[in-house]
């Protein structure tokens, strides 16, 4: 009888503690920040999740940047993909969700209609600079990680390798990792060109409709959010955004930690597997995960918890907040 009461008491205490953890995670406040980005010559916004005690503490915190996918925006991770819940499990982490439209996170070779489409610079210089200037961040490599989904996975890996001195960990979930390589191959005639995309009048009308969730003047409809100009003018420019080439150009000791995952029913898994095989063959440390799932929010909601845990631990270890062991040579 006593043992039964004890089990029930422990079980109830465990459930209450779990519910308290869930409640705390769900209460993480999502803030929207507006600022001017010189790289794209327009007012932009990003969402940010701050630790619960941020306003009453004097601590500085590591930052995880989460990049959205094609046709999505800076609200995607916060509203549909579970970031506020998982961020609430860590009391010393800032999470930032930038917006880059349908840009592929690339500095476009040519812009039209007076636009400025330096979208890599927008994230790497303007967003990171604004966050570091206005919030108490650990503003150095050890305190920064970046990951993204689909187009954002491509962006996080390419920008992270192109700016390896800025991030201790970079990651991709369901990333379109072959985008740059395929663009270069098409320009070299090694792949057939993409067939022109046709849209019905109804689809075209929907693309012109502003998304009220975005709230950025002149940058709320899919038409407005799609850069006008040319992304790559030469194969070499596309090569410069090819993770399979970039990873060979960064000195081994300067490579950030790399994280990859993808759903087994996602056609983009081929690129993740190929990059993982290359890193295994070259003895490059990395994390890889695949689990059942397709290219959708149901998969990303599950993946983000694992991503955030891995990249949080990488930052904590780099910051000296975790035990660190080294293998010693034996005689």
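The values are calculated or read from the model by the stated rules, or taken from the named source; none is laboratory data. This is a predicted model, so every value here is computed, not measured. So basically every Cβ, Gly included, is an ideal-geometry build from the backbone, and we count neighbours across all protein chains shown.
Quick one: would you say residue 320 is free of Cβ contacts under 8 Å to residues at least 60 places away in the same chain, in a loop (DSSP other than H, G, I, E, B) and surrounded by 12 or more Cβ atoms within 10 Å (Cβ to Cβ)? Spelling it out, it is not the case that residue 320 is free of Cβ contacts under 8 Å to residues at least 60 places away in the same chain, in a loop (DSSP other than H, G, I, E, B) and surrounded by 12 or more Cβ atoms within 10 Å (Cβ to Cβ). Scanning the stretch 163-182 for residues that are surrounded by fewer than 22 Cβ atoms within 10 Å (Cβ to Cβ) and in a helix (DSSP H, G or I) yields a total of 2. In the stretch 220-246, the residues that are at positive phi reach residues that are exposed (fewer than 14 other Cβ atoms within 10 Å of the Cβ) with C-beta atoms within less than 6 angstrom, at least six apart or across chains, in these pairs: 229/110; 229/112. Of the residues 91, 99, 113, only one is out of contact with any helix residue (DSSP H, G or I) (no Cβ under 7 Å at 6 or more places or on another chain), crowded, with 22+ Cβ neighbours inside 10 Å and farther than 19 Å from residue 164 by Cβ; which? Answer to the selection: 99.
Residue 205 satisfies every condition listed in (1) out of contact with any helix residue (DSSP H, G or I) (no Cβ under 7 Å at 6 or more places or on another chain); (2) within 30 Å of residue 37 (Cβ to Cβ); (3) not in a helix (DSSP H, G or I) except (3). Selection of the stretch 264-289 for residues being touching a strand residue (DSSP E or B) at 6+ places or on another chain (Cβ under 8 Å) and over 23 Å from residue 159 (Cα atoms) yields only 264. Residue check: residue 284 meets all listed conditions (1) at pLDDT 95 or above; (2) farther than 16 Å from residue 176 by Cα; (3) outside any loop (DSSP other than H, G, I, E, B) but one, namely (3).
When the stretch 196-211 is filtered for residues that are surrounded by fewer than 11 Cβ atoms within 10 Å (Cβ to Cβ) and more than 28 Å from the chain's Cα centre (by Cα), the ones remaining, listed by number, are 196, 198, 199, 200, 201, 202, 205. Only residues that are farther than 19 Å from residue 309 by Cα and surrounded by fewer than 22 Cβ atoms within 10 Å (Cβ to Cβ) were counted in the stretch 61-71, giving 2. Total residues in the stretch 212-248 satisfying the condition of being over 21 Å from the mean Cα position of the chain (by Cα), surrounded by fewer than 16 Cβ atoms within 10 Å (Cβ to Cβ) and in a loop (DSSP other than H, G, I, E, B): the figure is 8. Helices (runs of 4 or more DSSP H) fully within the stretch 45-162 that include at least 2 residues being more than 22 Å from residue 288 (Cα to Cα) and within 17 Å of the chain's Cα centre (by Cα): 76-79, 83-87, 128-134. In the stretch 184-195, what count of residues is obtained for those that are assigned to a loop (DSSP other than H, G, I, E, B), out of contact with any helix residue (DSSP H, G or I) (no Cβ under 6 Å at 6 or more places or on another chain) and surrounded by 10 or more Cβ atoms within 10 Å (Cβ to Cβ)? Selection size over the stretch 184-195: 1.
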